[in-house]
Amino acid sequence: MSLLPWQNATVVDVVAHNAHTKSYFLAAEGVEVFAFKPGQFVTFDLPIADRPSQRMRSYSIASAPGNNNVFELVVTHKPNGAGSGYFFDHCSIGHQLKFRGPQGTFVLPDSFNLPIALICTGTGVAPFRSQVKYLLENNITIPEIHLVFGTRTLSDALYKEEFESLAAAHPHFHYHLTLSRPDHNWKGKHGYVHELYTDICKNGTVDMDFFLCGWRMMVNEARTRLQDLGYPKERVHLEVYD
C-alpha cells in the first residue's frame, strides 16, 4: 500500500491547558474539509534531525470531524523531547507544518451492541475526546460510554470541564477522573485507572468493549488485567503512547 501524500497545514490557534500542555489548531491547506475517522492520527515531518526517520512525530487528532479543514492536536512538552519542543518553541499562529494523514485503525466500530469503556492516561485522552464528541454530537445509538481518565494532578486533567458538561447533558455518557498525585483539596478519586474500570465492569461480569490509550505501562497492565478478568482479546483495543 502506498503512503499518503505529504500535505501542508497552518497553525491557526494555540490554547494552553497548563504550563506544559497546549492544543494546536491546524488548517489543512488545499481542502475545504479535512476528513478523518475519530481515533486517527497525523504524522509530521519536523525539522529536528537530518535523518527522515528521526524527524517523524505522530499525534492523535483531538477534535471531532467537522465541516471544515481545521483539526486539533494536544501536545505535552516532554523534557528533552525534540518533537514537542519544536511545537512549543516554533508553532505559533501562522507557522506552517508538513504532515501526512489521517492514518490509523484505532477507530470505533460502525455500530454498538455493548457498552464501551475508553481508558486513558495523559494525552492519550486525545483520540477519545474525538470519539466521544463524534458519538454525542451525532446521536449515535450506544448503550453506555465510560471515559476513564487517569493523570497526575488536577491541572493535567485535560478537557475536564467539557467532559463534565457532556456527562450532564447525556445520561449515557459517564466521565471518571482519577488523580495519582492529588493535592489535599481534591475530593474525587485518587490512584490509578485500574480500580475504576474494574468497578465499572464489575470484576468481569459486565460484557463490554474496551479501548486503551496512553502510557505504555498503563496499557500493558490494563490489557493483562482485562484478560485475567476473562475478556477475550477481541474485546480489548489499544494504542500506546511513548
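Which residue is nearest to the chain's Cα centre (by Cα), if the candidates are limited to segment 170-209 and must be assigned to a helix (DSSP H, G or I) and touching a residue at least 24 places away in the same chain (Cβ under 8 Å)? Spell out how you get there, then give the answer.
First, the residues of segment 170-209 that are assigned to a helix (DSSP H, G or I): 193-200.
Add one more test, that the residue is touching a residue at least 24 places away in the same chain (Cβ under 8 Å), and what stays is 193-194, 196-198, 200.
On the way: Val193: 15, His194: 18, Leu196: 18, Tyr197: 17, Thr198: 21, Ile200: 20 Å.
Selected residue: Val193.
Which of (1) surrounded by 14 or more Cβ atoms within 10 Å (Cβ to Cβ); (2) part of a loop (DSSP other than H, G, I, E, B) is the odd one out, the single condition Ser23 does not satisfy?
With respect to (1) surrounded by 14 or more Cβ atoms within 10 Å (Cβ to Cβ); (2) part of a loop (DSSP other than H, G, I, E, B), Ser23 is out only on (2).
Since Ile48 meets every condition but one in (1) crowded, with 18+ Cβ neighbours inside 10 Å; (2) under 17 Å from His90 (Cα atoms); (3) out of contact with any Leu (no Cβ under 7 Å at 6 or more places or on another chain), which condition does it not meet?
(1)
Regarding segment 108-116, can at least one residue be identified that is surrounded by fewer than 15 Cβ atoms within 10 Å (Cβ to Cβ) and small (Gly, Ala, Ser)?
Checked against the condition, which is being surrounded by fewer than 15 Cβ atoms within 10 Å (Cβ to Cβ) and small (Gly, Ala, Ser), segment 108-116 yields at least one hit.
So Leu158 fits all but one of (1) in contact with a strand residue (DSSP E or B) (Cβ under 6 Å, 6 or more places away or on another chain); (2) loosely packed, with under 14 Cβ neighbours inside 10 Å; what number is the exception?
All conditions are met except number (2).
So which residues in segment 210-242 are without any contact (Cβ under 8 Å) to a residue 24 or more places away in the chain and among the basic types (Lys, Arg), if there are any at all?
Arg223, Lys233
For every residue, the table says whether it meets (1) assigned by TED's automatic domain parsing to the domain that holds Val125; (2) modelled with pLDDT under 95; (3) in contact with a helix residue (DSSP H, G or I) (Cβ under 9 Å, 6 or more places away or on another chain).
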| residue | (1), (2), (3) |
| --- | --- |
| Ala16 | no, no, no |
| Ser23 | no, no, no |
| Glu29 | no, no, no |
| Ala35 | no, no, no |
| Phe41 | no, no, yes |
| Asp50 | no, yes, no |
| Ser60 | no, no, yes |
| Ser63 | no, no, yes |
| Thr76 | no, no, yes |
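Considering only residues of segment 144-169 that are within 23 Å of Phe210 (Cβ to Cβ) and part of a loop (DSSP other than H, G, I, E, B), which is farthest from the chain's Cα centre (by Cα)?
Step one: of segment 144-169, the residues within 23 Å of Phe210 (Cβ to Cβ) are 144-152, 156-160, 162-164, 166-167.
Going one step further and asking which of them are part of a loop (DSSP other than H, G, I, E, B), we end up with 144, 152, 157-159.
On the way: Glu144: 19, Arg152: 16, Ala157: 12, Leu158: 10, Tyr159: 11 Å.
Filtering first and then ranking leaves Glu144.
Pairs under 8 Å by beta carbon, first residue more than 17 Å from Pro127 (Cα to Cα) in segment 152-167, partner at pLDDT 95 or above and assigned to a helix (DSSP H, G or I), six or more apart or different chains?
Sorted first by the residue in segment 152-167, then by its partner, the pairs are Leu154/Lys160.
The values are calculated or read from the model by the stated rules, or taken from the named source; none is laboratory data. The structure displayed is predicted, hence computed values, not measured ones. With ideal geometry, Cβ positions are generated from the backbone for all residues, glycine too; neighbour counts draw on all protein chains shown.
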